[in-house]
């Protein structure tokens, strides 16, 4: 079984690497393999190249435009897919996604407030992150107040209330925003986009996202036990409350940072775990890390389509919804067998 798991992981990494190379070379200004090889040899070994190669232009395209975007797509896809797999395991519900506790609605409201009060992009990002966590905290608080317990049902209900609250507050912000400048910026950001990726920001946010994903992968052995139900997991010696709190914090951190960097990109956290579960089974020891790899590959492929399909760029959030809906309809036909 270990050899089979490694083969799945290796196959996913190979596909991800191929998509990353394709995205790096193909765009409005295509770069041939020959030119890319010459650029890399010059960059690493200082090998002289043909004078006809505009290495400065190629360097700018790769390092300032395409590489940050590729890295961000992989990080966000991995974060959303892994968070979705973890939330589905904790709540034992195939319809759960990273937004179940209101983090997406809270982060959207925070970003909209940031755009309303400041033109500084860092302010927007910080407020999106803060309100994403506030929304989750509010969901947990509401769920605990209703029954003085932390059952999964009450958490979900708290998430529904929190999401509805911050969605309503977002509507208020959109209503009072300047319709000629701020409102279009808010609407465009809510559609999701990777076009604002900057290498220094991507590398900065990569650390907490990768740490969150690593933590969820490390905890994957407990998620199989949580799927049996709280009582069964407790009987097997699992501290259900502690595991659930840690998992919620890690998944919320990863998904909120994804929203901070690229806006609302839906369906990845819902459909990717389903597809993998159907392909390899319900074991979270393989499901969680493979969700990270496939999620990154899926968003990378979707981003390539959004850039190349038309003469203008399609917002990535719209594209993932258009792709995700038919895929989810197909997945639903086999969801029961996959979960059983």
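Values in this text are rule-based calculations from the coordinates and carry no lab data. Treat the numbers as computed from the prediction; the structure is a model and nothing was measured. As a convention, Cβ positions derive from the backbone with ideal geometry for all residues, glycine included, and neighbour counts pool all protein chains shown.
Quick notes on this structure:
- Listed by position, the helices (runs of 4 or more DSSP H) enclosed by the range 1-74 that each have at least 3 residues that are within 20 Å of the chain's Cα centre (by Cα) and either surrounded by 14 or more Cβ atoms within 10 Å (Cβ to Cβ) or in contact (Cβ under 8 Å) with a residue 40 or more places away in the chain (or both) are 2-25.
- Any chance residue 260 is in contact with a helix residue (DSSP H, G or I) (Cβ under 7 Å, 6 or more places away or on another chain) and closer than 19 Å to residue 205 by Cα: yes
- Sole residue being buried (at least 19 other Cβ atoms within 10 Å of the Cβ), on the phi < 0 side of the Ramachandran plot, touching a helix residue (DSSP H, G or I) at 6+ places or on another chain (Cβ under 8 Å) and in contact (Cβ under 8 Å) with a residue 60 or more places away in the chain, chosen from 299, 210: 299
- Among the candidates 86, 117, residue that is in contact (Cβ under 8 Å) with a residue 60 or more places away in the chain and out of contact with any strand residue (DSSP E or B) (no Cβ under 7 Å at 6 or more places or on another chain): 86
The rows are residues; the columns are (1) surrounded by fewer than 22 Cβ atoms within 10 Å (Cβ to Cβ); (2) on the phi > 0 side of the Ramachandran plot.
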| site | (1), (2) |
| --- | --- |
| 237 | yes, yes |
| 253 | no, no |
| 262 | no, no |
| 268 | no, no |
| 272 | no, no |
| 285 | yes, no |
| 308 | yes, no |
| 328 | yes, no |
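- Scanning the range 195-222 for residues that are under 14 Å from residue 69 (Cβ atoms), in a helix (DSSP H, G or I) and under 17 Å from the mean Cα position of the chain (by Cα) gives 201, 202, 203, 205, 206.
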